[in-house]
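Here is the structure we will look at.
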Amino acid sequence: MPLPRNPVVLSLSGTSIVGHEHPIVVPKVAQDPLEIDYEVELGIIIGQSCKDVSVKEAMDFVLGLTIANDVSARRWQGKRGGGQWSRAKSFDTFTPLGPVLFVPDSRDMDMPMHFNLKTWVNGTQVQNSNTSDMIFNVSEIVSYLSQGTTLERGTVIITGTPEGVGYTRKPPMYLQHGDEVECEVEGIGILRNTVRFEGMNERAKEEKLIVDDQNKLEEIKADQMMEEGIVEDDLDLDIFYDSEALARNAVFDVEYDAAVAETEKSETVVATSGDTEETEVKEMIMGIEETEKEEEEEEEEEEVEEVVEEENEKKEEKKEEEEEMVMEKMKKEEEEEMAMEKTKDKRKEKELTKEEKKW
């Protein structure tokens, strides 16, 4: 792949910026399937507004450097976002910066080009490179972006990430709820943020309430059994629950086997026994698998439709080209015929002129 002649540029929303140890909040529209990726980058902070600056003077307008994590939603970076990278990287909290502003002593444009860049996810190193691998240095980037455009004081420029990002791995590795991401730039520090899926805390609270309610019911049930003399102490109670669980599991196994047999016969499966927790979980898993299968089929259908559309567009373009060629050919033939007619007319005129001279 050839190196770009100029930096590839995109703009990010100001609301995407957060600080050190602030959570990266993943919106619901980017949670399922997993798609959130990390990108350690060197950040440049503009200290004075500038425009049309040269490479040589660019560092005079740089206040300092920091660390950036250019968090990216990969599906939104592709089809879902219409191929617009800005959309995929501009969700709120998707541009953590920090932990400090590093102010270099030297104004040398090559000074920031020898820093090690590293990323860890939950303590495992996933990126390890150096700013010397950057295609364009800090001065070149600032100069390029200032051409015809004012870079105002406080503007943040992040400079691209090295190899090791999640979506290029096999299999791909995406960030999940609770993951801790640490981005390091040598000499500046470590930027640390935890991933939080929007709405996950509310779901966890709801699940906890359900568990608490179940525990309360179990306590009430245990008290009743002790009052009625079904069990005498906690040991008897444990034995009772173990026996009950074994019986419930046995019923579940029989029901599930029967349901599978009925399904294979393409008949409607009807649950005839009591609703058990295991049955509900199994049905939920089966439903998820069916949903995933349907989504995969829909994606395959969309891909087929896209291929068909592309082929049809190509056919239409080819047809139009052929029609244009036919029209051009007809036009050329008409022009040739007209030219021949003009030549004949000129010959006739010459012959008539000769005849007139004879007379």
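The values are calculated or read from the model by the stated rules, or taken from the named source; none is laboratory data. None of these values were measured; they are calculated from a predicted model. Counting neighbours? That spans all protein chains shown, and the Cβs are built from the backbone with ideal geometry, glycine included.
Tell me yes or no: at least one residue of the range 46-54 is among the acidic types (Asp, Glu), within 21 Å of LEU151 (Cα to Cα) and in contact (Cβ under 8 Å) with a residue 60 or more places away in the chain. Break it down into steps so the answer makes sense when it comes.
If we filter the range 46-54 for residues that are among the acidic types (Asp, Glu), which is where we start, we get 52.
Narrowing further to those that are within 21 Å of LEU151 (Cα to Cα): 52.
Now restrict to residues that are in contact (Cβ under 8 Å) with a residue 60 or more places away in the chain: 52.
Within the range 46-54, one or more residues are among the acidic types (Asp, Glu), within 21 Å of LEU151 (Cα to Cα) and in contact (Cβ under 8 Å) with a residue 60 or more places away in the chain.
Could you say which residue among ILE67, ILE45, ILE24, ILE36 is closer than 24 Å to ILE135 by Cβ and crowded, with 20+ Cβ neighbours inside 10 Å? It would help to see each step written out before you state the result.
Values: ILE45 fails: crowded, with 20+ Cβ neighbours inside 10 Å; ILE24 fails: closer than 24 Å to ILE135 by Cβ; ILE36 fails: closer than 24 Å to ILE135 by Cβ.
Of the residues listed, the single one that is closer than 24 Å to ILE135 by Cβ and crowded, with 20+ Cβ neighbours inside 10 Å is ILE67.
Of all the strands (runs of 3 or more DSSP E) wholly in the range 1-70, which have at least 3 residues that are modelled with pLDDT under 95? Step through it out loud before you land on a result.
On the way: elements: 24-26, 40-46, 62-69.
Output list reads 62-69.
Give the range 163-200 a look and list any residue that's modelled with pLDDT of 95 or more and closer than 30 Å to VAL53 by Cβ, or say none.
CYS183, GLU184, VAL185, GLY189, LEU191
Restricting the search to the range 10-46, which residues are among the aliphatic types (A, V, I, L, M) and over 18 Å from the mean Cα position of the chain (by Cα)? Full working, then the answer.
From the range 10-46, those among the aliphatic types (A, V, I, L, M) are 10, 12, 17-18, 24-26, 29-30, 34, 36, 40, 42, 44-46; that's our starting set.
VAL18, LEU42, ILE44, ILE45, ILE46 - these are the residues of the range 10-46 that are among the aliphatic types (A, V, I, L, M) and over 18 Å from the mean Cα position of the chain (by Cα).
Answer yes if at least one residue in the range 170-180 is among the acidic types (Asp, Glu) and assigned to a loop (DSSP other than H, G, I, E, B), and no otherwise. Walk me through it before giving the result.
Initially, the range 170-180 is screened for residues among the acidic types (Asp, Glu), giving 179-180.
If we keep only those that are assigned to a loop (DSSP other than H, G, I, E, B) as well, we get 179.
Yes, that holds for at least one residue.
Just a yes or no: is a residue in the range 136-153 over 17 Å from GLY187 (Cα atoms), among the β-branched types (Val, Ile, Thr), assigned to a loop (DSSP other than H, G, I, E, B) and at pLDDT 95 or above? Even if it seems obvious, please write down each step before you answer.
Here is the first cut: in the range 136-153, the ones over 17 Å from GLY187 (Cα atoms) are 136-137, 139-153.
Now restrict to residues that are among the β-branched types (Val, Ile, Thr): 141-142, 149-150.
Filter again for assigned to a loop (DSSP other than H, G, I, E, B), leaving 149-150.
Checking the rest, the ones that are also at pLDDT 95 or above come to 149-150.
For the range 136-153, residues over 17 Å from GLY187 (Cα atoms), among the β-branched types (Val, Ile, Thr), assigned to a loop (DSSP other than H, G, I, E, B) and at pLDDT 95 or above: present.
Any idea which of VAL165, VAL138, VAL181, VAL142 is surrounded by 20 or more Cβ atoms within 10 Å (Cβ to Cβ) and over 15 Å from ALA68 (Cβ atoms)?
Numbers: VAL165 fails: over 15 Å from ALA68 (Cβ atoms); VAL138 fails: over 15 Å from ALA68 (Cβ atoms); VAL181 fails: over 15 Å from ALA68 (Cβ atoms).
Sole residue among the options that is surrounded by 20 or more Cβ atoms within 10 Å (Cβ to Cβ) and over 15 Å from ALA68 (Cβ atoms): VAL142.
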